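Taking it in order: structure first as structure tokens, then the write-up.
The values are calculated or read from the model by the stated rules, or taken from the named source; none is laboratory data. Please read all numbers here as calculations on a predicted model, not as lab measurements. Cβ placement follows ideal geometry from the backbone for every residue including glycine, while neighbour counts extend to all protein chains displayed. SASA here: full protein model, heavy atoms, side chains in, ligands and nucleic acids out. Shrake-Rupley method; radii C 1.70, N 1.55, O 1.52, S 1.80 Å.
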Amino acid sequence: MRTEEDLRNAFDHLAGTAPAAAEILARLTPDAKPVRRTRTPLVLATALATAAAAVGGPLLISHLRESGQAAQPTTGTAWTPWLDVPTLKGMRINPRVSTANRQTWELDKVMGPWSATCLVTAHRNGDFDPKTIPAGSPDVDINGASGRVITSTKNKPLVPEPDSGFMRGFMTYPAKTIVWQPAPGLWVLVSCQTQLEGGTPQVPKLDTPWKVDLPKATELARAISVGGQLVSPYKIGYLPSGIKPNRVTYQSPIGEVAGTGHNFITFLSDGDPATGYQPKPKPKDPVYKRSPWEPMPGDDLKITYNTSKFWDTVSRIRTLPDLKINGMDGWYVGDGIAGDSGSVGGANDAKTAVHLEGHRVQVTVQSLGGMVSQADLVKVAQGLQLAASSTDQATWFDIATAIPAPR
């Protein structure tokens, strides 16, 4: 059992030898690859876990409010993952979405007739308010940290569902969400749900209801650690004046679906929600709530990097490229590409995007709402530095320096 002396010794070690906490956490290892960590991050983890264990949940929250630590997270940049979220057996992470003060990981079951999903959200800089934790919420131990299990309803969710993602509109209520604070200023929420099995694996009943899966959420929460890694397949070199990133979305290849690949998108904006992309009324189809690649109101620019085979279509439609950029064939394409369907638009569509193909990759730089000129689209495309390999992520760039700081 850790003692107060252990806690003091750990912090003494950190004070004398450790660099900034943000630097430590930004360099933790990639997910799903157990590698040897240096001694200092281990001491940091010990100190944080000991501090959480030594102080009860309500006292910890009170201390953070009084000291102001909640506004000073030790989690690195906006794009550097604040958590290492492992995949549970039989599940995958797709997609993961990062914004300035919130990151989400959506897990779903890979195989089998009945589904299971989990949602992990990490919040900093006041994006989650601990005052919303209802009094009397049951305690749960998360590796020595004091967590709570919160029940919420659809009309009063604990936090909004993801702005875009596979789970949007499909959460099961009343939901059970585990919430805890693994580091100062960083709050993590985990919830899971499982589809009830009906019929047999040979003749399954696919419309069975869903249930909240608190045991699975607890298992996942206890497997999460502070830190992580996300790399970018491109480095942004030029952006129009006033345009900055506000969201990064990444989906890895889906192993059992032939032709899928890496899908890495940066959405950018000038900060004015009244300009740029404005959604139009759409049919009442759940798919429109499920796309993590659809622009949000106010987005002005979208940079897409995709290695899926179904995207490699433009060169088969247009015989001669309109331009060459960094050794890749390029075409000016129209509004039809905005729907993420792979369409390149008709001949009369406004040419709102530059589409590049080469090296088994497609890259599209797209103006949303007409806010970015065609000349600037070309400059953005010319300024992109692509990784040496589209499949070997060891050649990809540190996302902290590849994608500029968010708006």
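Based on protein heavy atoms only, region 76-140 ends up with 36 Å² per residue of surface accessible to a 1.4 Å probe.
Let me have the relative contact order for region 89-164, percent, based on Cα pairs under 8 Å that are six or more residues apart.
That works out to 19 percent.
At full extension, Ile254 and Gln382 could sit 43.1 nm farther apart than now, given 0.36 nm per residue minus the alpha carbon distance. Each Lys and Arg Cβ is given +1 and each Asp and Glu Cβ -1; about its Cα centre, region 98-155 then shows a dipole of about 120 debye. Note on Asn125 and Gln278: their simple-model spin labels are 2.8 nm apart, each label 7 Å out from Cα toward Cβ. The calculated FRET efficiency for the pair Ser115 and Asn326, based on their C-beta separation and a Förster distance of 45 Å, comes to about 0.65.
Per residue, the solvent-accessible area of region 347-407 (1.4 Å probe, heavy atoms of protein chains only, all protein chains present) comes to 47 Å².
Would you mind checking the pairs Lys89/Lys109; Lys176/Lys211; Lys302/Lys379; Lys244/Lys379; Lys154/Lys302 and listing those with alpha carbons more than 20 angstrom apart? Beyond 20 Å between Cα atoms: Lys154/Lys302. The amide H of Trp82, built 1.01 Å from its N in the peptide plane, has no neighbour under 5 Å, considering only residues 5 or more places off or on other chains. With 0.36 nm allotted per residue and the present C-alpha distance subtracted, the Val203-Ala375 stretch has 56.3 nm of extension available.
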